[in-house]
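Only one structure is covered here, and it is reproduced in the block below.
The values are calculated or read from the model by the stated rules, or taken from the named source; none is laboratory data. Predicted, not measured: the structure shown is a model, and the values here were computed from it. For neighbour counting, all protein chains shown are included, and Cβ atoms are generated from backbone atoms with ideal geometry for every residue, glycine included.
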Amino acid sequence: MFFSSYKDSVAVYLRKSRMDPDTESVDETLERHSDTLLKLAAKLELNIVEIYKEVVSGDGLFTRPEMCRLLQDVEQDKYSAVCCMEIDRLGRSSQKDGGIILETFQEHNVHIITPNKTYDLNNEIDEQSVEMQSFIARQELKSIKRRLRKGVEKSVEYGCHVTDVPYGYRRAHIDKRPTLEICEEEANVIRMVFDMYVNQHMGSYIIAEKLNAMGYKPRKSDKFSRTTIRFYLQNPVYIGKIVWNKRKHLKKKSPSDKHRSVLNDNKDWIVSDGIHPAIISQELFDEAQKIRLTRTHPPTYTGELRNPFAGLIYCKNCGNAIQRQYSKKGGNRLLCTTTGCTRSIRAEYVEKYLIDFLKQILSDYETTLENHSRNENNNQKELLRNTIRGLKNNLQSLNTQKSKLHDLLEQDVYSISTFLERSKVIADKIQAAEKSLQENERKLSELEQTPPMKEAVPILKKLLIHYDNLSAAEKNLLLKQMISKIYYSHTKEQNSNECSLEIELKYTL
């Protein structure tokens, strides 16, 4: 997009720094910065079109969703400038991350506006100034992190608890040192968990079911799960211990990456006696560990794919991936790991349902469905084109309204506060219209690019003819060529061999 001035289309990026007052919440800090930058925008006559509020903290670039979204929008040439409090608010975690941000801004000719100065990254002096400030900010960050880590390690050695408060406790302080005190209502649940596991010989799944049936709830979800119970059973905080540096958290390498952590060597762990009271005796805890080790069968990956639906099938209710579980008695079953979400089913029933569905697709295509579907597809395309034209006209009208706001401000018809208020309203409407336009253009693009069913017929025939003789990995490969996603549900009203599948094909019927 062409901009006649760096003031034409400006985004505001807000993020709380470690240097901001601890007495302020994230929302309070961002509100204060927003007020400062909007006043600056009025003074410099900047056309603010979007505000990005980073409400999560994170050292890595890809742990900051709003910065990732901003960079994606910059790459689409939506902005002529980005306004922020200081250069280091954009990022100072690593030279690599900082380089990605600055190079993206530079390639798309995006200025950086701060209350102190406006920087043009295609100007050599400004570029050197930004790089120097970023370098100094990174060194300050490293120094701060070293001091914080040493302080945390020293606190842990003294027996202080410095992480999230575990279930069964509440936050307390002894001589200003952070620790825990027992929350009796929750502590009773922890005692019940260990008693049921050690003395009543129940498994973690049954324990979770019993607690849910009794009306107990964990803090961060509606129901207990077997994963939560296993975590309780292994947590040494319940015997008065503090463990630090047990896991190393890995940086995300892309916005789509999931949070990952790896177990550190035992020699790197910091274990100390906490100054908080224990809920469970050492003897009971040790007995639970002995039982857990005899019952646990860790999944091992041999390099052989055993689930033909891997990466394809998801729970319709909660959205989690449906997993395969094998037992000698029940064979392969497909289940949702969310407790109480939907019933499991034998994998062979899902396979039969899917094969019958694909046979029907092929049969319909070879008879009458092709011509009907082509006409229906064309109607969908025309409807989307009309919607897109209407959205573009609406955007043109909104942009005209936006340009008039500056005239009203210059004529003193609008005060600064009124100008910013109206500007934000129009910016929100523009954002909503652009989002809708982008979504409809995506749908149209998918319809135009999605190959017709006739291109899938050879794959489909091969799959149906040879399915019973294929390995799980070969089935998975062919299914993924045909299918985008499968949504699974199995209600109480359905029989054990029945389920509901919603299948999204990669081909236009």
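I'm told LYS223 meets every condition in (1) out of contact with any Ser or Thr (no Cβ under 6 Å at 6 or more places or on another chain); (2) in the same structural domain as ILE270 (by TED's automatic domain parsing); (3) not in a helix (DSSP H, G or I) except one. Can you identify the failing condition by its number?
(1)
Residues are listed down the side, and each one gets a yes or a no for (1) without any contact (Cβ under 8 Å) to a residue 40 or more places away in the chain; (2) closer than 30 Å to PHE3 by Cβ:
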residue: ASP88; (1), (2): no, yes
residue: GLN95; (1), (2): no, yes
residue: GLU127; (1), (2): yes, yes
residue: GLU153; (1), (2): no, no
residue: VAL156; (1), (2): no, no
residue: PRO166; (1), (2): no, no
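Can you tell me which residue within region 168-179, out of those that are under 29 Å from the mean Cα position of the chain (by Cα) and free of Cβ contacts under 8 Å to residues at least 60 places away in the same chain, is surrounded by the most Cβ atoms within 10 Å (Cβ to Cβ)?
ARG171
Tally the residues that are part of a strand (DSSP E or B) and modelled with pLDDT under 80, restricting the search to region 252-274.
Total satisfying the criteria: 4.
Go through (1) surrounded by fewer than 18 Cβ atoms within 10 Å (Cβ to Cβ); (2) at pLDDT 95 or above and name the single condition MET214 misses.
(2)
If SER129 passes every condition in (1) of a type in the set (S, T, N, Q); (2) more than 30 Å from HIS111 (Cβ to Cβ); (3) assigned by TED's automatic domain parsing to the domain that holds MET85 but one, which one does it miss?
It is condition (2) that SER129 fails.
Give the residues of region 66-108 that are touching a helix residue (DSSP H, G or I) at 6+ places or on another chain (Cβ under 7 Å), part of a loop (DSSP other than H, G, I, E, B) and either modelled with pLDDT of 90 or more or of a type outside the set (Gly, Ala, Ser) (or both), sorted by residue number.
TYR79, MET85, LEU90, ARG92, HIS108
Looking at region 30-65 only, could you name the residues that are out of contact with any helix residue (DSSP H, G or I) (no Cβ under 8 Å at 6 or more places or on another chain) and buried (at least 18 other Cβ atoms within 10 Å of the Cβ)?
Result: LEU30, HIS33, LEU37, THR63, ARG64.
If you go through region 320-341, how many residues are farther than 17 Å from THR227 by Cβ and either of a type in the set (Phe, Trp, Tyr) or assigned to a loop (DSSP other than H, G, I, E, B) (or both)?
Qualifying residue count for the region: 4.
When only residues in region 98-151 that are farther than 23 Å from ASN47 by Cα and among the β-branched types (Val, Ile, Thr) count, which is surrounded by the most Cβ atoms within 10 Å (Cβ to Cβ)?
Going through the qualifying residues, I end up with VAL130.
Does any residue of region 241-251 turn out to be at pLDDT below 80, over 30 Å from TYR205 (Cβ atoms) and surrounded by 12 or more Cβ atoms within 10 Å (Cβ to Cβ)?
Looking for residues that are at pLDDT below 80, over 30 Å from TYR205 (Cβ atoms) and surrounded by 12 or more Cβ atoms within 10 Å (Cβ to Cβ), one finds at least one in region 241-251, hence yes.
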